[in-house]
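**Q** Below you'll find the structure I mean.
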Amino acid sequence: MKKLKLMLYAPGLVIFDPLTLTNYLEKNNIFENDLLKFFSENEKMGREVISKGCIIPIYEIPELDDYYRLIINPEKENIAIPKENLIFTSIPYPLQVTSGNVIISDISAIIDWDKDYYLNYENLKDESYDNCDSVQLSKNNYSVKITGYCGNNLKSNTEFGYIFHFRTTQILPHFDFTKSIDEYNFVVDPENRRT
């Protein structure tokens, strides 16, 4: 298990292996810098980039003057968060890890895409902002469930964030697009959470 803290400077999170995403972009001749806009305007490719495990977008999440806590949970580890503090668990997202390096960033990573930066992130990590981090995972296909949690309902001194449950799979899980990504409620902080 690994614990991270991220500050959001853009309203969402994104998880990706930079090599997997770069390979997809190059294979499809996509040279845009604003990938979020591109995939929103090209819905078929937007669905494909998610279903092929190249990217996990998580938005809208408010930018705050506080850190989001992220817990990276590999298979079979127990998390010491009381059940009453858990808000939701998502359906499984597919993620393909080809480089062994997984980036977790605010969504600005795909609004202002810089493939060289993310492909070399491990060498630049110490100089990066607090809106991005990385974890090492074995090269494999993963089913990733996201659990949102909030420590209590008070509006001060509350720990809140996300648990990312990574489970290796032979094939990538099917992502259900009957609900748009925009329709999911990923908000966990007590001031902005919709019930």
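**Q** Can you give the net charge of the other residues whose Cβ lies under 12 Å from the Cβ of residue 65, counting K and R as +1 and D and E as -1?
**A** -4
**Q** Continuing with this model, one more query. With the Cα gyration tensor of the range 2-183 in hand, convert its eigenvalues to equivalent ellipsoid semi-axes via √(5λ) and list them largest first in whole Å.
**A** That gives 25, 19, 17 Å for the three semi-axes.
**Q** Related question: Under a 10 Å cutoff between Cα atoms, tell me which one of 37, 145, 115 has the largest fluctuation in the Gaussian network model of the chain.
**A** 37
**Q** Still on this structure, please answer the following. Give the lysines whose C-alpha is closer than 17 Å to that of residue 145, dropping any in the same chain fewer than 8 places away, or say none.
**A** 2, 3, 52, 76, 83, 179
**Q** Here is a follow-up. Hey, got the dipole for the chain? About the Cα centre, +1 on K and R Cβ, -1 on D and E Cβ, debye to the nearest 20?
**A** It works out to roughly 880 debye.
**Q** Counting other beta carbons within 10 Å of each residue's own, what order do 130, 106, 176 fall into, fewest first?
**A** So the residues, fewest neighbours to most, are 176, 130, 106.
**Q** Oh, and also: Please work out the Kirkwood hydrodynamic radius for the range 1-75, using every pair of different C-alpha atoms, and report it in angstroms with one decimal place.
**A** Hydrodynamic radius (Kirkwood, Cα pairs) of the range 1-75 is 13.9 Å.
**Q** For the residues 137, 124, what sequence is obtained by ranking on other C-beta atoms within 10 Å, fewest first?
**A** So the ranking, lowest neighbour count to highest, is 124, 137.
**Q** Listing 128, 51 from the residue with the fewest other Cβ atoms within 10 Å to the one with the most, what is the order?
**A** Ascending number of Cβ neighbours within 10 Å: 128, 51.
**Q** Evaluate E = 1/(1 + (r/R0)^6) for residue 170 and residue 51, where r is the Cβ-Cβ distance and R0 equals 22 Å; express this FRET efficiency to the nearest 0.05.
**A** Efficiency, from the Cβ-Cβ distance: 0.85.
**Q** Let's see if you can work this out: charge +1 on each Lys and Arg Cβ, -1 on each Asp and Glu Cβ, no other charges. What is the dipole magnitude of the range 76-138 about its Cα centre, in debye to the nearest 20?
**A** Roughly 420 debye, rounded to the nearest 20.
**Q** Another question, then. Can you tell me the orientation of helix 18-27 relative to the chain, as the angle in degrees between its alpha-carbon axis and the longest Cα principal axis, to the nearest 10?
**A** Approximately 40 degrees, to the nearest 10.
**Q** Please find the FRET efficiency linking residue 138 to residue 64, where r is the Cβ-Cβ separation and R0 is fixed at 30 Å, and quote it to the nearest 0.05.
**A** Approximately 0.35, to the nearest 0.05.
Throughout, read-outs are computed from the coordinates displayed, never taken from laboratory work. These figures come from a predicted structure and were not determined experimentally. Cβ coordinates were reconstructed from backbone atoms using ideal geometry, including for glycine residues, and neighbour counts include every protein chain displayed.
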